[in-house]
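Accompanying notes for the structure given below.
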Amino acid sequence: MATITDVKICNIALRELHASSITSLTESSLEAETCDLYYTIARNFVLVAAPWNFAIKRTGTQATTTAPEWGYSLSYVYPTDCLRMLEVNNELSGWRVETLADGTKIIATDLTSAKFRYIYEVTDPQKFSASFIFSLAKFLKHLIAVPLTGQQDKAQLALEEYQGFLTQAKTDDGQESSQVIFKSDSLIDVR
């Protein structure tokens, strides 16, 4: 795959708007300043929009000494690179993401041992899948359309294009795993 950069992704969005290309996010131009303003927010928004295979991380950790005031008996420090928690211990047991009074973000639960599966903040465009790149470019195009062109209809069209790309990307990305096989449960079988 060719070298992908933040600037190339921005230029995909810019080109579709018939705006001038950029060579750097820090150059002195309206296009670069606008892309720089929206790029990181757009990237993280699209990352959490779907469980992209390249953006999923698994980790385990030790419980903290600070338990939530009520409801759960244990807490775990929220991973610093986590954008969205997907699973805790691959179970349906109760857990919640909360913030303590001191501002510490935690996962509150009763589980004595916790393993997390989450979407992390991927900042290296070389790790992005092709479907993610196009989804991000379309969403970025949506965000920068009005500041660069003044035309709301271009922003709306870009949002519709993004939603179409995202739907297809979720389908493609989801095909890179085995099928989930549901085991028989005696309570369900008696129905």
Out of (1) more than 16 Å from Pro51 (Cα to Cα); (2) surrounded by 14 or more Cβ atoms within 10 Å (Cβ to Cβ), the one Cys82 does not meet is (1)
Note on the stretch 108-142: residues within 22 Å of Thr3 (Cβ to Cβ) and of a type in the set (D, E, K, R) are Glu121, Asp124, Lys127, Lys138, Lys141
In the set Thr34, Thr65, the lone residue that is among the β-branched types (Val, Ile, Thr) and modelled with pLDDT of 95 or more is Thr34
Of the residues in the stretch 98-121 that are without any contact (Cβ under 8 Å) to a residue 40 or more places away in the chain and hydrophobic (A, V, I, L, M, F, W, C), the one that is nearest to Phe132 (Cα to Cα) is Ile107
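Can you pull out every residue in the stretch 71-97 that is without any contact (Cβ under 8 Å) to a residue 24 or more places away in the chain and in a strand (DSSP E or B)?
If we filter the stretch 71-97 for residues that are without any contact (Cβ under 8 Å) to a residue 24 or more places away in the chain, which is where we start, we get 80, 91-95, 97.
Answer for the stretch 71-97, where residues must be without any contact (Cβ under 8 Å) to a residue 24 or more places away in the chain and in a strand (DSSP E or B): Trp95, Val97.
To keep it simple, each residue is scored yes or no on (1) under 30 Å from Asp172 (Cα atoms); (2) among the small types (Gly, Ala, Ser); (3) assigned to a loop (DSSP other than H, G, I, E, B).
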| residue | (1), (2), (3) |
| --- | --- |
| Ala19 | no, yes, yes |
| Leu25 | no, no, yes |
| Arg43 | yes, no, no |
| Val46 | yes, no, no |
| Arg58 | yes, no, no |
| Thr66 | no, no, yes |
| Glu69 | no, no, yes |
| Ala108 | no, yes, no |
Of the conditions (1) within 30 Å of Ala19 (Cβ to Cβ); (2) touching a residue at least 24 places away in the same chain (Cβ under 8 Å), the single one that Asp153 does not satisfy is (2)
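Could you tell me whether the stretch 106-113 includes any residue that is under 27 Å from Arg43 (Cα atoms) and of a type outside the set (Asp, Glu)? If you could, list the steps in order and put the result at the bottom.
At the first step, the residues of the stretch 106-113 found to be under 27 Å from Arg43 (Cα atoms) are 106-107.
Filter once more, so that each one left must be of a type outside the set (Asp, Glu): 106-107.
Within the stretch 106-113 (the criterion being under 27 Å from Arg43 (Cα atoms) and of a type outside the set (Asp, Glu)), the answer is yes, since at least one residue qualifies.
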- Using the structure shown, decide if Thr123 is loosely packed, with under 15 Cβ neighbours inside 10 Å, of a type in the set (Ser, Thr, Tyr) and touching a strand residue (DSSP E or B) at 6+ places or on another chain (Cβ under 7 Å). no
Exactly one of Thr104, Thr109 is buried (at least 20 other Cβ atoms within 10 Å of the Cβ), at pLDDT below 90 and closer than 30 Å to Gln62 by Cβ, and that residue is Thr109
Lys115 fails exactly one of (1) closer than 26 Å to Tyr162 by Cβ; (2) part of a strand (DSSP E or B), namely (1)
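The values are calculated or read from the model by the stated rules, or taken from the named source; none is laboratory data. Quick caveat: nothing in here was measured; it's all calculated off a predicted structure. Here Cβ is always computed from backbone atoms with ideal geometry, including for glycine, and neighbour counts include all displayed protein chains.
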